[in-house]
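Right, I'll just put the structure down here and ask away after.
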Amino acid sequence: MGRRTIFSNTITAGTALLLLAGCGVGNDGDIDIALIGDEDAVFADSLRLSAGAQHIRAATQSGLVAMNRRGEVVPSLAERWVPTEDGLSFFFRLRDIERPDGSLLTAQAVRADLLTTIGQLEGTSLGQDLSVIEDVRAMTERVLEIRLSSPEPYLLQLLAQPELAIRQSGDGTGPLLIERTENGARLAFKPPLERGEPDSDNWQDYVRDIEVRVAGPQQAIAMFDEGEVQLVLGGDLGSLPLVETGPLSSGTLRIDAAVGLFGLLVRSDDGLLGNSGVREGLAMALDREGLLADFNVDGLTPTTRPVSPGLPGDPGLVSERWQDIILAERRSEASARVRAWRQQFDDGYLAQPYTISIAMGRNNGWDLLYDNLARQFAEIDIRLVRADSRAAADLVLIDRIARYPTPRWFLNQFNCTVLRGLCSEAVDALVAEATAQVDPAQRATLMAQAEAELTLENIYIPIGSPLRWTLVRGSVDGLESNAYAFHPLPPLARIPR
């Protein structure tokens, strides 16, 4: 496939060089990618980004720092940074990044954009994560300070999120230019100087363009099987059964066993679900190993905890629930709780099972999970049905990748200011107290107390860890599985020297 040029509203001097060299460049050919998702959502210009949109945003707009292909934080607009000894300030030195008008990107411009973004994220879980940022100051034209109300060990991980990219007019601040095409978009590297890198006469010999197409999972898999794309990104557990997992798929299917939430959020406290003991009964009745075994894939770890076990610094104060109680006994207890509630509050409890609705996707994998959940809840006289919409559901399936590996991220997902479901102000208060702690041990202890309190509220029924999958040809370099299931596009566009 031959190279085509990228046009934007403003053509800088560096971009003009790219256009003049648009054809006949000696590289290994373009790379064709399918992103699973909805085209409008993937290319949306907003701060509520789908997984596909996060990949596009991170490629075309840069933050102070970024994530590399291993999920590690690396320099981006900032070439280096220094935290203060108390962890309450971070100083960032910007690269020399040319803007479309030829001027350099300044700390003042970055400050203004960051403050605007943080303000727009209020009322979201990411906004809650960023609440420790007390001020952003431009110290000089090149140096920026971020002040914190309390130490946040994962501040850099937060700043690497695509939503925190610095968005400027013109060609954007990211390393890649984007041109929308009939089938999706085409991405191409900017010249080195516009990326804040040393100039090179033969830089185009070591990069290639990316053709991005957006499709549903079945179409994306078909394009991969037919050789139309070399990489499929964004697969989840719901679409996993669509993938051929036999011997022929060896080496092409990659699994990311990610850190995050995978379980059922109790959205309504009407009727039976208004009773915490009954909600606990639903949680104790689940055979999590059985639910996940249907998918026949490694990396799906069952858990009864709302916070993923084994996170860095876990003090070990919270354990898995019901470890010494066999499933039959747990289900017997759950049935008794459901029956006792219905005898007291439900006049028709003898006529038919109690009905609870759930909102979840309808791909093959989600159908498989739904059928298994329905069978298991039937064991305790609960009839599970699919809700017409999320807003009308009693339960909602949560399948969410963590942005950073600490209890604070998990607990912030249930904050009363952001959650559309049941919540606990007492848990929020404990998280706020923990976040304000300077001593790591005290913070960990308070976070564990918050998790224990959330567990007792039974507003979330954990199942396990989330899973993401990709399909990749052996000719594709620059992709590695990682705990965040995030695969930045710029490394894919580089040709190994």
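Only the coordinates and a few stated rules stand behind these numbers; no lab work does. Note that the structure is a prediction, hence the values are computed from the model and not measured. Cβ sites come from the backbone with ideal geometry, for glycine too, and all protein chains shown count toward neighbours.
Mind listing the Cα extents of segment 64-172 along all three principal axes, in Å, largest one first?
Cα spread of segment 64-172 along its principal axes, largest to smallest: 38, 31, 30 Å.
Placing unit charges on C-beta atoms (Lys and Arg positive, Asp and Glu negative, everything else neutral), compute the dipole magnitude of the chain about its Cα centre in debye, rounded to 20.
200 debye
Is segment 107-239 rounded, prolate or oblate when judged by the Cα gyration tensor, a ≥ b ≥ c being the square roots of its eigenvalues, rounded requiring a/c under 1.5 and prolate requiring a/b larger than b/c?
Verdict is oblate for segment 107-239.
Tell me, how many Å apart are the Cα centres for segment 465-486 and for segment 382-430?
Cα centroid to Cα centroid, the span is 27 Å.
When a footprinting reagent is the concern and you count Cβ atoms within 10 Å, what order do Ile166, Ile133 take, fewest first? Spell out each step's value before the answer.
Values: Ile166 23, Ile133 19.
Ordered from fewest to most neighbouring Cβ atoms within 10 Å, Ile166, Ile133 come out as Ile133, Ile166.
Measuring from centroid to centroid over Cα atoms, what is the spacing of segment 300-367 and segment 80-134 in Å?
Distance between centres, Cα-based: 42 Å.
Report the charge-dipole magnitude of segment 64-172 in Debye, nearest 20, computed about the Cα centre from +1 at each Lys and Arg Cβ and -1 at each Asp and Glu Cβ.
My answer is approximately 240 debye.
Can you give the Rg to Rh ratio of segment 340-394, both from alpha-carbon atoms, with Rh computed by the Kirkwood formula? Don't skip to the answer; put the middle values down first.
Numbers: Rg = 12.7 Å, Rh = 12.2 Å.
Result for segment 340-394 is an Rg/Rh of 1.04.
Run through segment 285-378 and list the trypsin sites (Lys or Arg not before Pro) located in a DSSP loop whose Cβ has at most 11 other Cβ atoms within 10 Å.
Sparse-neighbourhood loop trypsin sites (Lys or Arg not before Pro): Arg362.
Arrange the following residues from fewest to most other Cβ atoms within 10 Å of their Cβ: Trp366, Trp469.
Taking fewest neighbouring Cβ atoms as first place, the list is Trp366, Trp469.
Follow-up question, since we're still on this one. What FRET efficiency, computed as 1/(1 + (r/R0)^6) with R0 = 22 Å and r the Cβ-Cβ distance, is obtained for Asp298 and Glu244, rounded to the nearest 0.05?
Working: r = 17 Å, r/R0 = 0.77.
The calculated FRET efficiency here is 0.85.
Now for a separate question. Would you kindly work out the equivalent ellipsoid of the chain from its C-alpha gyration tensor and give its semi-axes, the square roots of five times the eigenvalues, largest first in whole Å?
43, 29, 18
A further question on this structure: Under a plain spin-label model, where a point goes 7 Å from the Cα along Cα-to-Cβ, how far apart in nm are Val385 and Arg70?
Rounded to a tenth, the inter-label distance reads 5.2 nm.
Still on this structure, please answer the following. Once the mean 1/r over all distinct Cα pairs of segment 260-465 is inverted, what Kirkwood radius in angstroms do you read off?
In segment 260-465 this quantity evaluates to 17.7 Å.
Cα axis of helix 440-457 to longest principal axis of the chain: angle in degrees, 0 to 90, nearest 10?
With both axes taken from Cα atoms, the answer is about 50 degrees.
Okay, moving on. Check which residues have an amide H placed less than 5 Å from Gln168's amide H, if you skip close sequence neighbours.
For Gln168, whose amide H was placed from the backbone, the distant partners under 5 Å are Thr173.
Can you list residues from other chains, or at least 5 along the same chain, whose modelled amide H is less than 5 Å from the amide H of Gly37?
Ala215, Gly216
Residues with amide H under 5 Å of Asp236's amide H, sequence separation 5 or more or different chain, H placed in the peptide plane at 1.01 Å from N; which?
Those lying under 5 Å, H to H, from Asp236 are Trp469.
Hey, if you put +1 on the Cβ of every Lys and Arg and -1 on every Asp and Glu Cβ in the chain, which of Leu77, Val307, Leu148 ends up farthest toward the positive end of that dipole?
The residue sitting most towards the positive pole is Leu77.
Follow-up. Could you compute the net charge surrounding Ala483? Neighbours are other residues with a C-beta less than 13 Å from the C-beta of Ala483; K and R count +1, D and E count -1.
After counting each charged neighbour, the total is +1.
Mean residue ellipticity at 222 nm from the helices of the chain, using -39,500 (n - 2.57) per DSSP H segment of n ≥ 4 over the full residue count, to the nearest 500 deg cm²/dmol?
-8000 deg cm²/dmol
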